[in-house]
Amino acid sequence: MELSDLWKTALSEIELSVGRASFVTWFKDTAIIDADNGRIMVSVPNGFAKEWLQNKYNKFILRAIRNLNPEIKEVGFTIGKPQLAAVRTDRPIQIKKRLMDISEDSSLASEFELKDMNINPETNLNPKYTFDSFVVGSFNELAHAAAQSVVKQSGHVYNPLFIYGGVGLGKTHLIQSIGNELIKQNPKVKVKYVSSEKFMGEIVEALKNQEMNQLKEKYRTCDLLIMDDIQFMAKTEKMQEEFFHTFNALYESNKQIVISSDRPPAAIATLEDRLKSRFEGGMIADIGEPDYETKLTILKLKAEKKGVSIQPEILEYVAQTIKSNIRELEGALNRIILTSKMSNLPPSLEDVKKTLNQVIYAPRKFATPKKIIKAVADFYEISEKEIINRSRKKGVVKPRQVAMYLLRDELKCSFPFIGEKLGRKDHTTAIHAYKKIVDEIKTNLNLEEEIKLIKEKVYTS
Ligand code: ADP
Ligand code: MG
């Protein structure tokens, strides 16, 4: 398999793990440019992306690559223009036959395309996110109704509209539908969709290149600004300051602002109070977990869109098995379709059961101290013993503090219990560790993200 195919295949796995929005933001214009001695080198478009991939997604990347080629032990990142980062084809890498078949089948290869060619460069909207393809049930009807009101009276009724809910429940789909619908009704309307991560990246770039004025102009002249995943907005002066001013400028001229987050404004630790109160002055609507009927409707719709027919009992099984998350529901469907295309047979219930038994779709489970300690140890690549025992090794201090924090935050363990459990420390050490992490998360985006990833591990293992 050539490097470009290896990367494409790995990316399709990574996308499932990190979610569409982050995926597009951080993995766009990346390529493997070299592979040597068990180390691959990935070129990225800028320093910001390099930092995020290194600190935040390194593990996902390595895991996905190693699934395809276990000989690879390390991933490095380098900044390079995409056109310079021409993929080298002179050093083929051997990987499992099955996967090679995928990349050679051009109809399947298109499913691994990194760039969504359809994304409108002007608005950043993906045209596939429309109200037409959005299924409404009791779990999302309030958010849906609010979104429709915004279309009818943009800037005048619910401003800002703040939609929150867990991952994969349709926030991005819904808020982009507002933009697509407005443009459909009036092509002159200026819409901008941006995730808070991308927005921050643009600020960093603009500061570096002294292009702040252009950036301000870009966002302050739109009629509808859609800001996705605002929970990632770092509490750094420059970032929030810039967003606050943009927000005010739009708000005061009756331009519509739509925001999404994984939690309500009050629960976003990194958000400044003045922003929180602005958000609370508008309309806040949540999206809950879909019920069985809605999940089934969504599956039918998506299978139909992809032009494949799947037996009803298979769809029913999927709707029952995938508990809460629509993205996983879609991921499961994609996998089923892919598996059946690879074997050239229509999917059978037996195959589907096997496919869905794979770890990533394991039902959400409860946290226990043991799971937390294991997840922390795995994440920081140290042994559980090192966290539990009295070890004072340098690399152990932070993981132990994170474990203490999680035991308190997730399980409400008492501080004496935590101290005793981890390193036989007394309760003041546990309190100190907890407070330290609580404080640090507020300013350290990476730490917040690390903890999020560890939690995901705890609840899916
Ligand atoms: P979130 O932004 O909340 O993490 P997304 O909007 O990215 O979730 O949704 C994940 C996937 O599920 C998308 O492909 C989206 O089209 C699909 N989806 C979510 N909600 C619905 C819905 N109500 N009807 C149809 N598809 C949905
Ligand atoms: Mg989203």
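The values are calculated or read from the model by the stated rules, or taken from the named source; none is laboratory data. Every value quoted in this text rests on a predicted model; they were computed, and no experiment measured them. When we count neighbours, we look across all protein chains shown, and the Cβ atoms used for this are built from the backbone with ideal geometry, even at glycine. SASA here: full protein model, heavy atoms, side chains in, ligands and nucleic acids out. Shrake-Rupley method; radii C 1.70, N 1.55, O 1.52, S 1.80 Å.
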Item to check | Single match in Glu181, Glu205 (criterion: over 23 Å from Pro264 (Cβ atoms) and more than 16 Å from ligand 1 (Cβ to nearest atom)) | outcome: Glu205
Next on the checklist: When the residues of region 260-279 are narrowed to those that are away from ligand 2 (no atom under 16 Å from the Cβ) and without any contact (Cβ under 8 Å) to a residue 40 or more places away in the chain, which ends up most open to solvent (accessible area, probe 1.4 Å)?
Outcome noted: Asp273
Next on the checklist: Name the single residue that is most open to solvent (accessible area, probe 1.4 Å) among those in region 280-297 being farther than 30 Å from Glu242 by Cβ and more than 16 Å from ligand 2 (Cβ to nearest atom).
Outcome noted: Glu293
Item to check | Conditions (1) away from ligand 1 (no atom under 14 Å from the Cβ); (2) touching a residue at least 24 places away in the same chain (Cβ under 8 Å): number failed by Phe162 | outcome: (1)
Next on the checklist: Which numbered condition in (1) in the same structural domain as Ala146 (by TED's automatic domain parsing); (2) open to solvent by 30 Å² or more (accessible area, probe 1.4 Å); (3) in a loop (DSSP other than H, G, I, E, B) is the only one that Ser309 fails?
Outcome noted: (1)
Item to check | Boolean, Ala49 is within 30 Å of Leu207 (Cα to Cα) and either at pLDDT below 85 or touching a helix residue (DSSP H, G or I) at 6+ places or on another chain (Cβ under 6 Å) (or both) | outcome: yes
Checklist entry - Can you tell me which residues in region 292-306 are more than 10 Å from ligand 1 (Cβ to nearest atom), closer than 17 Å to Thr339 by Cβ and not in a loop (DSSP other than H, G, I, E, B)? => result Ala303
